[in-house]
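The values are calculated or read from the model by the stated rules, or taken from the named source; none is laboratory data. Computed from a prediction, not measured in an experiment: that's the story for all the values here. Every residue, glycine as well, gets a Cβ built from its backbone with ideal geometry; the counts of neighbours run over all protein chains shown. These accessible areas exclude ligands, DNA and RNA; they are computed on the full protein's heavy atoms, side chains included. Shrake-Rupley method; radii C 1.70, N 1.55, O 1.52, S 1.80 Å.
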Amino acid sequence: MEENSVFEKFELQLDQSAKDFLKETAKWAYFLSIVGFVGIGLMMLIAVFAGTFFAAMGTAIPGASAMGGSFAVVMGIVYFIIAAIYFFPVYYLFKFASNAKKAFRDNDTEALTSSFGYLKSHYKFIGIFMLAILVLYGLIFVLSMFGALLGR
């Protein structure tokens, strides 16, 4: 006869306070995702109009016009890349919030499960991005030490 462990019989239940916490978290996540989408829109506007902005700055700042118009194009591309990277965690946060709100509104377990999947994706993206940034900082540190030693 096969024995089941205690963990296989374990079923997680949410009490009312846990549901209230999750509902409030979904509301704040929804707000933050909307603010994030607005920020992405502003970054896209800056990317599109970077040529005008940086050309005007080039005439106002002495010596800045030496870089020419290519600096404005490069800054536009940089803002576009930042907005593209920022889109994914904001999208995952939005999907978490909207699915969690739907789950509590319709008492839908499938929507709640889907919302937790999006929350996992959000934090996974943030974690991988943070790891990449830390590796980049480490490389910058090592290369700067190497450059300092060569400069000696």
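With the cut-off at 14 Å, report for region 85-152 the share of all Cα pairs above it, as a whole percent. Display every interim value, and only then the final one.
Values: 1529 of 2278 pairs.
Percent of Cα pairs beyond 14 Å in region 85-152: 67.
Taking the Cα-to-Cβ direction at LEU42 and at LYS102 and moving 7 Å from each Cα, how far apart do the two end points lie in nm?
So the label points at LEU42 and LYS102 sit 2.9 nm apart.
So between LEU139 and MET57, what do we pick up on full extension, going 0.36 nm a residue minus the alpha carbon distance?
Values: separation 82, 0.36 × 82 = 29.52 nm, distance 3.22 nm.
Taking LEU139 through MET57 to full extension adds about 26.3 nm, to one decimal.
Expressed in nm to one decimal, what extension gain is obtained for the pair LYS27 and PHE125 from 0.36 nm per residue of sequence separation less their Cα-Cα distance?
Working: separation 98, 0.36 × 98 = 35.28 nm, distance 2.11 nm.
33.2 nm is the gain from fully extending LYS27 to PHE125.
Just read off the accessible area of LEU139 with the full protein assembly in place, 1.4 Å probe, to the nearest 10 Å².
Rounded to the nearest 10, the figure is 100 Å².
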